[in-house]
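In what follows, a structure is listed as structure tokens, so that the remarks can point back to it.
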Amino acid sequence: MDGNGRWAKQKGMLRAFGHEGGTKSVRETVEASAQLGIENLTLYAFSTENWNRPKVEVDTLMRLLVSSLKKEIKTLTDNNIKLKAIGNIKLLPKKVYKELNEVIDFTKNNTRMTLTLALSYGSREELINAIKEISVKVKNNIISVEKIDESIINEHLYTQNLPDVDLLIRTSGEQRISNFLLWQIAYAELYFTPVLWPDFKKQHLYDAIIEYQNRERRFGKTSEQIS
Ligand code: IPE
Ligand code: MG
């Protein structure tokens, strides 16, 4: 979800206004995804690198997170959506951490869609943690080196219960991944749109999905093998 700052600047407003505007797109995208029958939606809300932003901006984002969680608990409940989080969430301010865990707990039996928030998330950090955990298990003879395969790696990532990414959407015209789910997007379809995140509406999601439906996913095979 990129482009909040530029959206605000275009309107002669402060960056915080852009983040506020972005929360509306979050609600719209979450609702539209659930209505479409998407089982998993992951939103990259805050990266490990975002901690390096000016303190006032980080504080604003954290405050918005708490208020959105409080406000959206109804949207999640009404739409039967389960909330999860990936990332180093222990680094979040206590208030955010507490609210987040409350909503996760409150929605844990919902079944229609899993909404995962990537918070204080960095893919390299996730991989480093996985390597450390697996190394300890190897050292303690819990797993043998020969047994290490894709599923062992998957089980040690924050995303352990999530499937591989099918479609990755990045808004705001930037064409980069920015340390997001590097392992999990190995065969994802990438979609870049110039739309700034606060302007991202249902129709933009539909456009991305229609484009996705027209891609041929070959997973290394030939076109003939697929059809
Ligand atoms: C995305 O918008 C929101 C977060 C990273 C939390 P930005 O804040 O990155 O907006 P730009 O890139 O400055 O326009
Ligand atoms: Mg940005």
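When Val58, Val30, Val26 are screened for being under 12 Å from Leu115 (Cα atoms) and within 16 Å of ligand 2 (Cβ to nearest atom), only Val26 passes. Scanning segment 8-44 for residues that are in contact with a strand residue (DSSP E or B) (Cβ under 7 Å, 6 or more places away or on another chain), farther than 16 Å from Val165 by Cβ and within 14 Å of ligand 1 (Cβ to nearest atom) turns up just one, Val26. Just one residue in the set Gln213, Gln175 is among the polar types (S, T, N, Q), within 16 Å of ligand 1 (Cβ to nearest atom) and out of contact with any helix residue (DSSP H, G or I) (no Cβ under 8 Å at 6 or more places or on another chain); that residue is Gln175.
Met1 meets all of the listed conditions (1) within 16 Å of ligand 2 (Cβ to nearest atom); (2) open to solvent by 50 Å² or more (accessible area, probe 1.4 Å); (3) free of Cβ contacts under 8 Å to residues at least 60 places away in the same chain; (4) under 25 Å from Asp105 (Cβ atoms) but one, namely (3). Among residues of segment 178-197 being within 16 Å of ligand 2 (Cβ to nearest atom) and touching a residue at least 24 places away in the same chain (Cβ under 8 Å), the one that is nearest to Ser151 (Cα to Cα) is Phe180. Under the condition of being free of Cβ contacts under 8 Å to residues at least 24 places away in the same chain and either charged (D, E, K, R) or open to solvent by 80 Å² or more (accessible area, probe 1.4 Å) (or both), the residues counted in segment 11-34 number 4. For beta carbons closer than 8 Å, sequence separation of 6+ or different chains, a first residue in segment 157-177 that is touching a residue at least 12 places away in the same chain (Cβ under 8 Å) and farther than 15 Å from Ala118 by Cβ and a second that is within 13 Å of ligand 2 (Cβ to nearest atom) and basic (Lys, Arg), the qualifying pairs are Ser172/Arg6. When only residues in segment 163-211 that are of a type in the set (D, E, K, R) and in a loop (DSSP other than H, G, I, E, B) count, which is least open to solvent (accessible area, probe 1.4 Å)? Among those residues, the one meeting the criterion is Glu174.
Looking across segment 52-89, the residues that are in contact with a Phe, Trp or Tyr (Cβ under 7 Å, 6 or more places away or on another chain) and free of Cβ contacts under 8 Å to residues at least 40 places away in the same chain come down to Val58, Ile73, Ile89. Got at least one residue in segment 55-67 being away from ligand 1 (no atom under 11 Å from the Cβ) and under 26 Å from Ile177 (Cβ atoms)? Scanning segment 55-67, I find no residue that is away from ligand 1 (no atom under 11 Å from the Cβ) and under 26 Å from Ile177 (Cβ atoms), so the answer is no.
Quick one: would you say Ala16 is within 18 Å of the chain's Cα centre (by Cα), at pLDDT 95 or above and in a helix (DSSP H, G or I)? Here the answer is no, as Ala16 does not meet what is asked.
Do we find a residue being within 16 Å of ligand 2 (Cβ to nearest atom), outside any strand (DSSP E or B), β-branched (Val, Ile, Thr) and crowded, with 18+ Cβ neighbours inside 10 Å anywhere in segment 88-108? No, the conditions are met nowhere in segment 88-108.
If I filter segment 49-66 for residues that are in a helix (DSSP H, G or I), of a type in the set (Ser, Thr, Tyr) and under 15 Å from the mean Cα position of the chain (by Cα), do I get at least one hit? No, that holds for no residue.
The values are calculated or read from the model by the stated rules, or taken from the named source; none is laboratory data. All values derive from a computational prediction rather than experimental measurement. Please note: Cβ atoms are built from the backbone with ideal geometry, for glycine as well, and neighbour counts cover all protein chains shown. Calculation scope for accessible area: heavy atoms of the full protein, side chains included, ligands and nucleic acids excluded. Shrake-Rupley method; radii C 1.70, N 1.55, O 1.52, S 1.80 Å.
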